[in-house]
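A single structure is presented below for examination.
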Amino acid sequence: MMMRMNMAVKIVVAGALLSSVTIAGAVEVPKIAEDDGCMACHRIDGKYLGPSFRDIADRYRESPDATNYLIQKVTEGGFGGWGRMPMPPSDPKYVTPADVKALVKFILSIPPKK
């Protein structure tokens with residue numbers, strides 16, 4: 001009889017729990033994204049009000065300046081890169097630069113669509 005194990009790997013950056021990734025490859029929403037309101041417009045997969053985190057990763061993953069570019073987008077907001085819905089800037093009273101950097105690193109770590 002074969003037992004199926006559901007093991008999770010915890011990813012920790014600067015002491016902040018970012019996500020749980022199961023052995024099967026399913027990606028859970030990071031606590032930072034939940035706490036900072038990102039999930040009001042984004043999902044891991046599938047367009048909602050904004051692009052999915054996976055679509056963002058797929059578009060920018062190979063860019064040498066992807067991390068800095070996305071940190072700037074999350075911090076300052078933007079318009080037009082993904083359609084007509086603007087992305088508001090993050091509020092520095094609630095979202096720290098370390099949170100933004102950790103979130104961007106998480107997004108870029110999401111595996112490509114198969």
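The values are calculated or read from the model by the stated rules, or taken from the named source; none is laboratory data. Because the structure is a prediction, the values reported are computed rather than measured. These accessible areas exclude ligands, DNA and RNA; they are computed on the full protein's heavy atoms, side chains included. Shrake-Rupley method; radii C 1.70, N 1.55, O 1.52, S 1.80 Å.
Quick one: which residues, 5 or more positions from E28 or on another chain, have an amide H under 5 Å from its amide H? H modelled 1.01 Å from N in the peptide plane, none for Pro or chain starts.
Amide H neighbours of E28, under 5 Å, 5+ apart: S20, T22.
Also: Near the amide H of G78, under 5 Å away, which other amide H atoms are found, from residues 5 or more places off or on another chain, if H is placed in the peptide plane?
Those qualifying (amide H under 5 Å, at least 5 residues apart or on another chain) are M87.
Of all accessible surface on region 26-106 at a 1.4 Å probe, what whole percent is carbon and sulfur?
Carbon plus sulfur share of accessible area: 57 percent.
Still on this structure, I have one more. Below 18 Å, Cα to Cα, which lysines can K114 reach? Residues fewer than 8 away in the same chain don't count.
K114 reaches K47.
Give the cross-link partners of K93 among the lysines, using a straight C-alpha distance below 18 Å as the criterion and excluding same-chain residues fewer than 8 apart.
Qualifying lysines at Cα under 18 Å: K31, K73, K101.
Would you work out the Kirkwood radius for region 65-114? I mean one over the mean of 1/r across all pairs of different Cα atoms, in Å.
About 11.7 Å for region 65-114.
Further, regarding this structure: Convex hull over the alpha-carbon atoms of region 29-114: what's its volume per residue in Å³?
87 Å³
Short version: ³J(HN,Hα) in whole Hz for each residue of region 93-98, in order, from phi by Karplus 6.51 cos²θ - 1.76 cosθ + 1.60 (θ = phi - 60°), x for Gly and Pro, what are they?
With the stated coefficients, region 93-98 comes to 5, 10, 10, 7, x, 5 Hz.
Next up: For L49, what accessible area in Å² do you get when you roll a 1.4 Å probe over the heavy atoms of the protein chains, rounding to the nearest 10?
For L49, the solvent-accessible surface is approximately 80 Å².
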